[in-house]
Amino acid sequence: MGRWRSRLLGLAVGLGVLVALEGGLRVGLGPPPPPVQVYRALGEQDSWLEARSDGLWPTYQLDARLVPHDTEVVVLGGSSVRGGTPGLWRRGEFPGVAGERLKRPVANLGSPGLDTHDHVQVLDALLKADALPELSTVVVYAGHNDFGNARFQARYGTVSAGLAAHLQSGLERLVLYTRLSRLLRPVRGTVREVGVGRQQGALTEAAWGAVLRDLERNLDRLVWQTDKAGLQLVLMAPMSDLSMPPVDPACTADRCPSKDFERGRSTADVAALRRARDTDFIALRSPSHVGELMSTMADENNHVDAIVVEERVPWEDDLAVPSRVLFFDPVHPSAEGHRVLGDLLANHLGPASGERPR
């Protein structure tokens, strides 16, 4: 009995020390910053946005800046929109480029790791804050992270994987945990390397279908939100580098992306290259289905426009696929890619956000 009492006393003292340390860190450093994690859809962020007298503050961005109250256009997305291209400042990312072209504010509300689960929550917070009275247009550049997050974090995996993800989400609300994580995990700019490795294998057919169903439901929600608020919604199906071979050379009886890629490169068969991308077992690049889905939603809703980016950017000289100079890696735009995307968005929005080419 005495041994158990000693153990319980030691446990209580240890917990007391941790609580005191956490409290001290919060007094000195404030609450923990929003975690930059691959998987955010475990639950709602405590506070996505903070309304201020002169605009809106995106609390989930590590390098947050005030969004002025006269902002007309906001862009939602992941690291392809904000923070995924090393050395590129906000003005060089495509929302900034579009703003320069249009000569009016275009706010970049992207952040590494965000997917459509998060975009729905950010837009909810944006509309509830009611801090941007001039807001007329919401742009969503999405697709890559819905598939990447599902694979990295085993979103549709086992019960144990789900419990582990929930545990990580809870721990990242502690200052002590986030500070230790920064010491033990590599940092690149504003992107913290987390989650990668939890599921290095391929998505199953069932998981692939679940991603597409969730993506469609989230886009439906975005369409409903913007319609209710009287806003224009521009859905941008992201581009990806089709010159990248499939990561996993595995084949099944009815699916062999590596052979499709070889055929596409040797015969300049663009359809085969797209098929190789769309059926890649290691899902990182947004498949063609995303563009088709967004185009359908635009056809069915008057306030929605769709831009299938791969169809609207410069192609390779010898092949009808996006030029390789547009990419920093298979999914993130290079500086030139951001310039092209910014010009594309500015041309679409026109001289005033209410004037939309159809």
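Values quoted throughout were computed directly from the atomic coordinates according to the rules given, and no laboratory measurement underlies them. Computed from a predicted model, the values in this text were never measured in an experiment. FYI the Cβ positions are ideal-geometry reconstructions off the backbone, even for glycines, and counts take in every protein chain you see.
Cross-link partners for Lys103 among the lysines, with Cα-Cα distance under 25 Å and sequence neighbours closer than 8 places in the same chain left out, do not exist in this structure. Reported value for region 220-307: 105 Å³ per residue, from the convex hull of its C-alpha atoms. The P(r) of region 41-146 has a tail past 16 Å containing 54 percent of all C-alpha pairs.
Which whole-percent values make up P(r) of region 268-358 when all C-alpha to C-alpha distances are grouped in 5 Å steps starting at zero? Taking all Cα pairs of region 268-358, the binned fractions are 3, 12, 18, 23, 21, 15, 7, 2, 0 percent.
On a straight-distance basis, which lysines could pair with Lys228 in a cross-link, Cα separation under 27 angstrom, same-chain partners fewer than 8 positions away excluded? Partners within reach: Lys128. With the cut-off at under 13 Å, measuring from each backbone N in region 114-150 to a point 7 Å along the Cα-to-Cβ line of Arg312 picks out 139-142. Charge tally around Val313: other residues with Cβ under 13 Å, Lys/Arg +1 each, Asp/Glu -1 each, net -3.
Rounded to 0.05, the FRET efficiency of the Glu336 and Ala268 pair, given R0 = 25 Å and the Cβ-Cβ distance, is 0.60.
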